[in-house]
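The values are calculated or read from the model by the stated rules, or taken from the named source; none is laboratory data. Model, not experiment: these values are computed from the prediction. Using ideal geometry, Cβ is built from the backbone for each residue, glycine included, and neighbour counts are taken over all protein chains shown.
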Amino acid sequence: MTTEALVAEPDSVARLCNNRIGDVSEFEFCRQATLHGWRARHMSGAEPNYDVIISRVGSRSVFVQVKRAYWDTDRNAYRIRNKGGSGIYSPCAYDILAAHMEDIDKWVFYTRAELGNRSQTTYTPPHLRTSAVSRSAPPPRNPDNWDLLDEVAQSFT
């Protein structure tokens, strides 16, 4: 796309910027997964349902959809999307949704089944939680719950 086309189409600029921001989170996930002992293969936009495949010896590969979480000041929580360009991901699109909270350099993970038919979910950091928890939301969790990836991988073997 030429510079002139980007100037003529501001939505294209926003889409390009959002894609680049997403790429940063995907590459950061690959780096962090490698540091946690996983082999990570970035799919580079080739697959609409997942961004990264991670694996370890002795377990099945885990398909990961990476999203960047955005702080929502109205909800006092991070907003995490569970949809792509064609809508909500199907129940078998990926195994794990990895949400990157870039501003605090933390990750939070959910299984695809936990998210159900919601197009988005929210994550409230532990220090901001109150006793009231939405029944439709996934159960509260601490950030950097990398052990969920191990649990999912082991459940496949």
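Annotation: Ala98 fulfils all but one of (1) farther than 25 Å from Arg41 by Cα; (2) under 11 Å from the mean Cα position of the chain (by Cα); (3) among the aliphatic types (A, V, I, L, M); the unmet one is (1). Within the stretch 118-132, can one find any residue that is buried (at least 17 other Cβ atoms within 10 Å of the Cβ), modelled with pLDDT of 90 or more and of a type in the set (D, E, K, R)? Among the residues of the stretch 118-132, not one is buried (at least 17 other Cβ atoms within 10 Å of the Cβ), modelled with pLDDT of 90 or more and of a type in the set (D, E, K, R), which makes the answer no. Among the residues of the stretch 28-59, those that are closer than 13 Å to Ile96 by Cα and either at pLDDT below 95 or not small (Gly, Ala, Ser) (or both) comprise Phe29, Asn49, Tyr50, Asp51, Val52, Ile53, Ile54. Looking at the stretch 88-100, is at least one residue in contact (Cβ under 8 Å) with a residue 40 or more places away in the chain, of a type outside the set (Gly, Ala, Ser) and not in a loop (DSSP other than H, G, I, E, B)? Yes: the stretch 88-100 contains one or more residues that are in contact (Cβ under 8 Å) with a residue 40 or more places away in the chain, of a type outside the set (Gly, Ala, Ser) and not in a loop (DSSP other than H, G, I, E, B).
Among the residues of the stretch 54-79, those identified as of a type in the set (A, V, I, L, M) and within 13 Å of the chain's Cα centre (by Cα) are Val64, Val66, Ala69. Evaluated against (1) modelled with pLDDT under 85; (2) assigned to a helix (DSSP H, G or I), Ser25 falls short on exactly one condition, (1).
Just one of the listed residues (Ser86, Ser155) is within 25 Å of Arg20 (Cβ to Cβ) and more than 15 Å from the chain's Cα centre (by Cα), namely Ser86. If you check Tyr70, Tyr78 for being surrounded by 20 or more Cβ atoms within 10 Å (Cβ to Cβ) and closer than 21 Å to Glu28 by Cβ, only one passes: Tyr78.
Scanning the stretch 40-57 for residues that are assigned to a loop (DSSP other than H, G, I, E, B) and touching a helix residue (DSSP H, G or I) at 6+ places or on another chain (Cβ under 9 Å) yields Met43, Ser44, Gly45, Asp51, Arg56. Considering only residues in the stretch 21-67 that are in contact (Cβ under 8 Å) with a residue 60 or more places away in the chain and touching a His at 6+ places or on another chain (Cβ under 7 Å), the one that is surrounded by the fewest Cβ atoms within 10 Å (Cβ to Cβ) turns out to be Glu28.
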